[in-house]
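See below for the structure under consideration.
The values are calculated or read from the model by the stated rules, or taken from the named source; none is laboratory data. The structure displayed is predicted, hence computed values, not measured ones. Cβ: placed from backbone, ideal geometry, glycine included. Neighbour counts: every protein chain shown.
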Amino acid sequence: MKHGRSDLYARLAIAALFAALLFTGYLLYKQYSRAERADIIRLEKLHLSDIRVHRPLGAADSSYIQPWMTFDYISAIFRVPSAYLASDLALSGNGYPRISINRYAGAHGINADTLTSKVADAVRAYLSASSTVATTTPSTGN
C-alpha cells in the first residue's frame, strides 16, 4: 500500500511541476507581448546581421539606421561618438544615449521618422568628414 501512495505522490508532483511550467511559460509570453507593445522589444525585418559584406559601416550605410536602434548602438556600429550626436542634434534628457530613437522621439514630442532621418544625416556627415580627413592627411613615408 505504501508503494501505491508514493507512486501517486510522485505523479501528482510531476503534474504540479508541469502545470507550473505551463503557467510560467504563459506569464513569460504575456510579459514579452507587453514589452513588444510598449516598443521595448521589436522584431524587425531589417537586422544588421543581414548585411553580408564584412566591412566597417560607412556614410553610405547610414540608411540602415532604424527607429528601434538606441543612440548608443548607432554610435558603436558606425563608430560615431555619442557626444557628437548629442551636440549635433541637440539631444538631452534622461536615458541618452541608451534610449531608442523611437522612445526618445515619443518622450520629446518629435516624429520618430523625422528624428531617424536627422540621425542618419548626422552620421553620414560625420563619416563623410572623417573619410575626407583620412584621405587628405599626408603620409609620413614610413
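For Gly141, are the conditions met, namely being surrounded by fewer than 18 Cβ atoms within 10 Å (Cβ to Cβ), in a loop (DSSP other than H, G, I, E, B), at pLDDT below 90 and in the same structural domain as Tyr64 (by TED's automatic domain parsing)?
no
Surrounded by 12 or more Cβ atoms within 10 Å (Cβ to Cβ) and either modelled with pLDDT under 90 or of a type outside the set (A, V, I, L, M) (or both): which single residue out of Leu127, Leu57 fits that description?
So the residue among Leu127, Leu57 that is surrounded by 12 or more Cβ atoms within 10 Å (Cβ to Cβ) and either modelled with pLDDT under 90 or of a type outside the set (A, V, I, L, M) (or both) is Leu57.
Test of understanding: among Ala76, Ala90, which residue is among the small types (Gly, Ala, Ser), at pLDDT below 95 and more than 14 Å from Gly58 (Cα to Cα)?
Ala90
Every residue in segment 82-105 that is surrounded by fewer than 19 Cβ atoms within 10 Å (Cβ to Cβ) and touching a residue at least 40 places away in the same chain (Cβ under 8 Å), please.
Tyr84, Arg103
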